[in-house]
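Bear in mind that the values in this text are calculations on the coordinates, not laboratory data. Keep in mind the model is a prediction, meaning the values are calculated, not measured. We place every Cβ from the backbone using ideal geometry, glycine too, and count neighbours over all the protein chains shown.
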Amino acid sequence: MTVMEQRGAHQPAPPPAWQPRTDPAPLLPDAEPYRVLGTRAAGAVDKELLLRLHSELVRGRRYNTQATALTKQGRLAVYPSSTGQEASQIAAAFALREQDWLFPSYRDTLAAVVRGLDPVAALTLLRGDWHTGYDPREHRTAPLCTPLATQLPHAVGLAHAARLKGDDVVALALVGDGGTSEGDFHEALNFAAVWQAPVVFLVQNNGFAISVPLAKQTAAPSLAHKAVGYGMPGRLVDGNDAVAVLEVLSDAVRTARAGGGPTLVEAVTYRVEAHTNADDATRYRRDAEVDAWRDHDPIVLLERELTERGLLDEDRRNAVRASAETMAADLRDRMNEEPALDPMDLFTHVYAEQTTQLREQAARLRAELAAEDEAYGAGR
């Protein structure tokens, strides 16, 4: 059967002059993740940048271990650790200017802290006190997002609005590999590419969506290859190489800022800890797999480079660790303080102007609280 017979006479073939809207070749990611540390290119990296990245990596690792300990002490309801992924999160914060916006997922508390948030404020959602513990406008950081990938369309909408207004703003949205299986991921990337929104998508591919490995989520050669279908460039980078991730993200942010549209970056990393403190990762992966990734730890990679260049001696190593311990002690002490919570805050930030129903509900709660106080006082 000929092609025309398969089509049917009423379905003509495209005209000979038909061409794809975009040449797909420049959009394709490299075959291997981009790396800097351990290559000749590392020798050209500014030493001050290396030392800053190292300090943040060590502090970030200590932040993760302290937050995990707080869950065991009952001070946090849950904590999704980013141990092993610190390089990607720190690079994300470093790549942005003050006026830009960060859109984190629930696992990206470290990125928010490096961006300038108070560590306690960044953990407020996970403590169960508020939906968010900070003013997003003040910090140019959207609330930590627990539903998978729903922050991505928000990032595109903000970036597109900024472009229409002529504001010099780029949005950087973080998501895990599991989030790429959500419809919001498709909608966000399609919208961003069609409207050439100044937004960068960073997928932290840590191997698992809770217990589901990447191979059961997609048959694509890489998550970065998905970018081609939307008409944007895809970049593949070693997510544990802090310098490489920063270079790739900085390039993508520059492109977006200059009107070049969105980029999808896949950072190949690994979730060393369990999905959260409520997860038992030994049920779906072997210790040998985790141990193999520990040899490719972001701190190990950077310290190896610093040592080879004579930039890291024992005194500096101890000073960085001491700074991290001071941060952890402050976090621990402040998280151990009982927060002063007002039940009436339930109604404070729902609408700018309360609806009739909210005013009625607030009045009922206020009356119930007053009755409890009166009964408690009478019983003393």
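Run the numbers for residue 187 and residue 164: contour at 0.36 nm per residue of separation, minus the present Cα-Cα distance, in nm. Kindly include the intermediate steps, with their values, before the conclusion.
Numbers: separation 23, 0.36 × 23 = 8.28 nm, distance 1.96 nm.
Computed gain between residue 187 and residue 164 is 6.3 nm.
Assuming a ≥ b ≥ c are the square roots of the Cα gyration tensor eigenvalues, decide whether segment 191-245 counts as rounded (a/c under 1.5), prolate (otherwise, with a/b larger than b/c) or oblate.
On the way: a/c = 2.13, a/b = 1.34, b/c = 1.59.
Note, shape of segment 191-245 comes out oblate.
Report relative contact order for the chain in percent, whole number only (criteria: Cα-Cα under 8 Å, sequence separation at least 6).
On the way: 592 pairs, mean separation 81.9, N = 380.
Relative CO of the chain lands at 22 percent.
Residue 28 label point, 7 Å along Cα→Cβ, cut-off 17 Å on backbone N: hits in segment 191-232?
So the set is 220-232.
Under 10 Å, Cα contacts only: if you run a Gaussian network model on the chain, which one of 361, 66, 204 comes out with the highest mean-square fluctuation?
The residue with the greatest mean-square fluctuation here is 361.
To the nearest 0.05, what FRET efficiency results for residue 48 and residue 345 with a Förster distance of 41 Å applied to their C-beta separation? Walk me through the numbers on the way to the answer.
Numbers: r = 43 Å, r/R0 = 1.06.
Plugging the Cβ-Cβ distance into 1/(1 + (r/R0)^6) gives 0.40.
Ignoring GluC sites (Glu not before Pro) that are buried or in helix or strand per DSSP, and keeping those with at most 10 other beta carbon atoms within 10 Å, what is the longest stretch of the chain between them?
On the way: sites that count: 98, 337, 353.
By the stated rule (loop sites, at most 10 other Cβ atoms within 10 Å), 99-336.
Report, by chain and number, residues whose modeled amide H sits under 5 Å from the one on residue 34, excluding near sequence neighbours (fewer than 5 apart, same chain).
Answer set, sorted by chain and number: 236, 237, 238.
Spin-label point model (7 Å from Cα, Cβ direction): what's the residue 280 to residue 309 distance in nm?
Distance between label points: 4.5 nm.
For residue 226, go through the lysines and keep the ones whose alpha-carbon is under 30 Å away, minus same-chain ones fewer than eight residues off.
165, 216
Specify the angular offset, from 0 to 90 degrees and rounded to the nearest 10, of the alpha carbon long axis of helix 183-195 from the longest principal axis of the alpha carbons in the chain.
Result, in degrees: 60.
If R₀ is 25 angstrom, what is the calculated FRET efficiency for the pair residue 373 and residue 129, using the beta carbon separation as r and rounding to 0.05?
Approximately 0.70, to the nearest 0.05.
Where q = 0.12, 0.15 Å⁻¹, what log10 of I(q)/I(0) comes from the Debye formula for the chain, counting one point per Cα?
Once normalised to I(0) and log-transformed, intensities are -0.96, -1.38.
Please identify every one of the chymotrypsin sites (Phe, Trp or Tyr not before Pro) in segment 279-380 that sits in a loop by DSSP and has no more than 15 other beta carbons within 10 Å of its own beta carbon. Intermediate values should be presented prior to the final figure.
On the way: sites: 284, 293, 347, 351, 376; in loops: 284, 351.
Counting only loop positions with at most 15 other Cβ atoms within 10 Å, the chymotrypsin sites (Phe, Trp or Tyr not before Pro) in segment 279-380 are 284, 351.
Multiply the residue separation of residue 338 and residue 359 by 0.36 nm, subtract the distance between their alpha-carbon atoms, and state the gained length in nm to one decimal.
Numbers: separation 21, 0.36 × 21 = 7.56 nm, distance 2.85 nm.
Extra length available between residue 338 and residue 359 comes to 4.7 nm.
Going Cα to Cα from residue 47, which aspartates and glutamates come in below 16 Å? Please leave out same-chain ones fewer than 8 positions away.
56, 241, 247, 303, 305, 308, 313
Within segment 168-254, list the trypsin sites (Lys or Arg not before Pro) lying in a DSSP loop whose Cβ has at most 12 other Cβ atoms in a 10 Å radius.
Details: sites: 216, 226, 235, 254; in loops: none.
The qualifying sites: there are none.
Is the shape of segment 81-149 rounded, prolate or oblate, going by the alpha carbon gyration tensor and its root eigenvalues a ≥ b ≥ c, with a/c under 1.5 for rounded and a/b larger than b/c for prolate? All intermediate terms of the calculation are to be shown ahead of the outcome.
Working: a/c = 1.60, a/b = 1.15, b/c = 1.39.
The shape class here is oblate.
Would you give the gap between the C-alpha center of segment 50-71 and the C-alpha center of segment 208-250, rounded to a whole Å?
So the separation of the two Cα centres works out to 24 Å.
Based only on Cα atoms, what Rg/Rh ratio does segment 84-211 have, Rh being taken as Kirkwood's radius?
Working: Rg = 13.9 Å, Rh = 14.6 Å.
Checking Rg against Rh, the ratio lands at 0.95.
For an R0 of 56 angstrom, estimate the FRET efficiency from the Cβ-Cβ distance between residue 78 and residue 13 and round to the nearest 0.05. Can you show the working numbers first?
Details: r = 56 Å, r/R0 = 1.00.
Working from the Cβ atoms, E equals 0.50.
When the helices in the chain are scored as -39500 (n - 2.57) per DSSP H run of 4 or longer and the sum is shared across all residues, what 222 nm value do you end up with, to the nearest 500 deg cm²/dmol?
Working: 15 runs with 173 residues, N = 380.
Result for the chain: -14000 deg cm²/dmol, rounded to the nearest 500.
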